[in-house]
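Presented below is the structure to which this report refers.
The values are calculated or read from the model by the stated rules, or taken from the named source; none is laboratory data. For clarity, every value in this text was computed on a predicted model and none was experimentally measured. Cβ sites come from the backbone with ideal geometry, for glycine too, and all protein chains shown count toward neighbours.
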Amino acid sequence: MSKRQLSRREFLRLSAIVTAGAVSAACAPGGTPEPTPAPAEAPTPTPAPAEAAPPSKYNEAPMLAELVKQGKLPPVDERLPVNPCVCPLAEGQVIGKYGGTIRRGFKGVSDRWGPTKMQNEGLTWYNADLSVRANIVESWEMNEDATEWTWHLRKGMKWSDGTELTSDDSKWWYEHVLTNEVLTPSPPYNYSTGSPRVLVQMEFPDKYTIKMKFAHPNPLLIYKMTRQQPFVPSHYMKQFHIDTTDDPAALEAKVKEAGFETWDQYYVDRNWWYMNPDRPNIGPWVSKNPLSEELFVMERNPYFWQIDPEGNQLPYVDKVTHRLFQTPDVFNLWIINGEIDFQGRHVGIGDYTLFKENEEKGDYKVVLGIKASHVAMQPNHTTKNMRLREFFQNRDVRIALSVAVDREAMNELVYDGLLTPRQYSPLEESPQYYPKLSNAYIQYDPDMANQLLDKAGYTERDSEGFRLWKDGSGETLSFIIEGTAEPGTPGEDAVQLVIKYFADVGIKATYKPVERSLYEEHWAANEIEAAWWGGDRTVLPIVAPWIFLGTMIDRPWACAWGLWKNNPDNPNGEKPPEGHWIWKIWDIWSKVEVEPDEQKRNELFFQILDIWAEELPMIGFLGEMPAPVIVKNGFRNYLPGYPMDDTTEDEHLLNTQIYFWEEPEKHV
């Protein structure tokens, strides 16, 4: 199979990315709404759309209809908002059927993103063409300079326990969470602007209106809100807050009983819907047990506020299960045995041949999208090993490590030639694509690598040919690359090949696989020398720029600097030295995020990519990876050829709540 079978032309039609819209109409019935235009002048309020359908025409799942019949649940028209969100169908998607279960796999609590990306609902979301539509909110307005945003909630929208969601939930969150220095010690990125960050000011004019006022223009907010809920179920969560609980002494006792040291730790734990089934939710499904158990079960939310274009309350599927696995071999065995129904997460391209050969046996199809991720290494410029810090901060060293690796050979040996040699950079189909960065120092040139390492002062070698530290200690230069790729996986094969190429130019490195939660502990404490974690968020990098800024710490090329940038009070953070180029990156980004004009914004962003092309903060090897998704025969509405990126919730871009079984009775 060749890489071009991925149908780039199909993907190109998805690349008409639009800038932040001035106003979006509420989800409109049928089809895909028009892309939101770039703001040119002060927007005018959007009138509320007509009601999607008379209450008598709303339909519901049989399992809910039975509960209504038994008097255990209100009728569907009382559970839905006055104006439900009509989930649009992309071209190729159809009206579905109710019932059935989706079976998936996961690796434990630290792998929570599998379930959460199915479940997340933001104020806004993407259409199939990656324009933005209203979602939780019915509509919105912004002022001319994008410093003030007004959001209109859906009247009658309810939490999963039947309690109405209103601006009171947002007000409580704002007053007791967002502005509480214990729960929120520093202004969150999505709710602040400027440098240093200035927290949003929020107002609540009525029961269904939320106003956000920023100190600086915030034209990208419409994208940021695709995965944000600026509220909590206050009627439930107030019992866990020390300032609002009816009985502080009883709360302190519960904190100790649950094994926590402080009330805020307990509050955070109780606020995770996937760890606390009692917490009301607004997603398509609700948790029935904690994610810490071997089989995590999600069941349809009877108060979910979306319908399809024919008035059927969503989701179509009754239940979703995530089954715990410890090793990739076990998960792959489940796939070929037909025990996984729909999943892209943990489905590796290195196992593509295995999956294709067993399609008939497992009664599934391997459907391909395009991954935003890259095969890459992050040298930690701020490692606590000071000799290694000096090594990694040397530009010649980073370039040497890049040209020391034969990307073409790696691609063929590990990935069957399916990937593309490139640095970590926006995808070719992205509006921020920048070939200067993609192609920077990707040639295989071990002679150049040796010359650069010699130039950097690492000329002496030990008896095995490895280079020595240049401090005269006589000790061999070495470092550990840490990651979550397990032995026997393509990711581990690739890093071991990189280590071999490094050895060929006298650099000694070893790979240390760790469980994800331990990896998170290490980068949070800046206890990491180099990381094997790749890089994604390259479909719309201007919306999720954190890897390029060094502030996404699980890609720890600027670990301590990023920790400091995110929170100057972080004890593991460190202010970058004066004059370092990361300051220029941050300065340029401060201009990008307030620029309302899309073209000017992209031009500014390219200046950041220029610095990356010059400095190579981290070292990319391969990208533009085909993204295999396991789709059981008879499972409908998932479409091939779409991008899979964290920003767009991976395989859930096209709304998992409208996926369905042709014969649901066979998949209960």
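See the values below:
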item	result
Residue satisfying all of: in the range 620-642; in a strand (DSSP E or B) and touching a Ser or Thr at 6+ places or on another chain (Cβ under 9 Å); surrounded by the fewest Cβ atoms within 10 Å (Cβ to Cβ) among these	ALA627
The listed residue being over 28 Å from ASP406 (Cβ atoms), assigned to a loop (DSSP other than H, G, I, E, B) and not acidic (Asp, Glu), out of PRO541, PRO617, PRO571, PRO556	PRO571
Filter result for GLU360 (more than 21 Å from THR489 (Cβ to Cβ) and among the acidic types (Asp, Glu))	yes
Every residue from the range 571-622 that is among the aliphatic types (A, V, I, L, M), under 22 Å from the mean Cα position of the chain (by Cα) and either within 30 Å of ASP493 (Cα to Cα) or not assigned by TED's automatic domain parsing to the domain that holds MET410 (or both)	LEU609, MET618, ILE619, LEU622
Near pairs, Cβ below 9 angstrom, 6+ apart or cross-chain, from the range 617-633 (polar (S, T, N, Q)) to any residue that is surrounded by 22 or more Cβ atoms within 10 Å (Cβ to Cβ)	ASN633/TYR364
Verdict on PHE548 being outside any helix (DSSP H, G or I), within 30 Å of TYR415 (Cα to Cα), among the aromatic types (Phe, Trp, Tyr) and touching a residue at least 60 places away in the same chain (Cβ under 8 Å)	no
Residue within the range 537-549 that is modelled with pLDDT of 95 or more, touching a strand residue (DSSP E or B) at 6+ places or on another chain (Cβ under 7 Å), under 14 Å from PRO617 (Cα atoms) and surrounded by 19 or more Cβ atoms within 10 Å (Cβ to Cβ) present	yes
Hey, MET212 buried (at least 20 other Cβ atoms within 10 Å of the Cβ), in contact with a Phe, Trp or Tyr (Cβ under 8 Å, 6 or more places away or on another chain) and part of a strand (DSSP E or B) or not	yes
Single unsatisfied condition, ARG197 versus (1) modelled with pLDDT of 95 or more; (2) of a type in the set (D, E, K, R); (3) surrounded by 16 or more Cβ atoms within 10 Å (Cβ to Cβ)	(1)
The range 301-333: number of residues that are acidic (Asp, Glu) and touching a helix residue (DSSP H, G or I) at 6+ places or on another chain (Cβ under 7 Å)	2
Residue that is modelled with the lowest pLDDT [pool: residues in the range 623-668 that are among the small types (Gly, Ala, Ser) and in contact with a His (Cβ under 9 Å, 6 or more places away or on another chain)]	GLY623
Pairs where the first residue, in the range 409-421, is in a helix (DSSP H, G or I) and the second is aromatic (Phe, Trp, Tyr), C-beta under 7 Å, 6+ apart	MET410/PHE621
Close pairs (7 angstrom Cβ cut-off, 6 or more residues apart or separate chains): over 16 Å from ASN276 (Cα atoms) in the range 243-262, surrounded by 12 or more Cβ atoms within 10 Å (Cβ to Cβ) and among the charged types (D, E, K, R) anywhere	THR244/LYS238; THR245/LYS238
Some residue of the range 231-243 being touching a Ser or Thr at 6+ places or on another chain (Cβ under 6 Å) and within 30 Å of ALA544 (Cα to Cα)	yes
Selection status of SER110, modelled with pLDDT under 95, out of contact with any strand residue (DSSP E or B) (no Cβ under 9 Å at 6 or more places or on another chain) and either closer than 17 Å to ARG227 by Cβ or part of a helix (DSSP H, G or I) (or both)	yes
Leading residue by the ranking (surrounded by the fewest Cβ atoms within 10 Å (Cβ to Cβ)) among those in the range 156-189 that are of a type in the set (D, E, K, R) and closer than 19 Å to TYR266 by Cα	GLU181
Listing of helices (runs of 4 or more DSSP H) fully contained in the range 304-369 that carry 2 or more residues being among the aromatic types (Phe, Trp, Tyr), out of contact with any Gly (no Cβ under 9 Å at 6 or more places or on another chain) and closer than 30 Å to ILE95 by Cβ	none
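Yes/no per residue for (1) farther than 30 Å from ILE542 by Cα; (2) surrounded by 16 or more Cβ atoms within 10 Å (Cβ to Cβ); (3) within 27 Å of the chain's Cα centre (by Cα); (4) at pLDDT 95 or above:
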residue	(1), (2), (3), (4)
THR327	yes, no, yes, no
ILE336	yes, yes, no, yes
GLY348	no, yes, yes, no
LYS361	yes, no, no, yes
SER373	no, yes, yes, no
GLN378	no, yes, yes, yes
ARG387	yes, no, no, yes
VAL397	no, yes, no, yes
ALA400	no, yes, no, yes
